[in-house]
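Here's the structure, in structure tokens; my notes come after.
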């Protein structure tokens with residue numbers, strides 16, 4: 001993660017907690033860094049793209065999800081899934097009334 005949102009510890013922690021994934025904060029400008037990785041890959045500076053990524057990226061910090069919030073976010077996701085299923089059934093009902 002990079003950019004303005006990465007400056008907020010709260011935003012970074014929430015991204016990690018909600019997704020259940022670690023968030024890696026990158027040093028420097030993401031666009032310039034990405035361009036450098038692509039250029040290094042194209043010029044065959046390293047063996048492959050993955051090696052270019054490893055060699056040319058500098059990571060500032062890694063934030064891991066907080067386990068105490070896992071059950072909460074899992075429950076919220078189950079609620080979302082149920083709401084989506086309900087919405088799809090409502091759509092099916094309304095299709096029949098469009099005649």
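FYI, it's all coordinate maths here, none of it is from the lab. Values in this document were obtained by computation on a predicted structure and should not be read as measured data. Using ideal geometry, Cβ is built from the backbone for each residue, glycine included, and neighbour counts are taken over all protein chains shown.
Kindly express, to the nearest 10 degrees and within the range 0 to 90, the angle between helix 9-19's C-alpha long axis and the longest C-alpha principal axis of the chain.
Helix 9-19 sits at roughly 60 degrees to that axis.
Points 7 angstrom from Cα along the Cβ direction at residue 78 and residue 64: gap in nanometres?
With each label placed 7 Å out from Cα toward Cβ, I get 2.5 nm.
Relative to the first principal axis of the alpha-carbon coordinates of the chain, what is the inclination of helix 30-42, with its axis defined by its Cα atoms, in degrees from 0 to 90 and to the nearest 10?
60 degrees
For 93, 18, what ranking results if the residue with the fewest other Cβ atoms within 10 Å of its Cβ goes first?
Lowest to highest Cβ neighbour count: 93, 18.
Using a 7 Å offset from the Cα along the Cα-to-Cβ direction at both residue 27 and residue 95, what is the distance between the two label points in nm, to one decimal?
Between residue 27 and residue 95, the simple spin-label model gives 5.4 nm.
Mind pulling the angle between the C-alpha long axis of helix 70-95 and the longest principal axis of the chain? Nearest 10 degrees, somewhere in 0 to 90.
On a 0 to 90 degree scale, this one is about 50.
What are the extents of the Cα atoms of the chain along their three principal axes, listed from largest to smallest and rounded to whole Å?
Over the chain, Cα extents along the principal axes are 61, 40, 24 Å.
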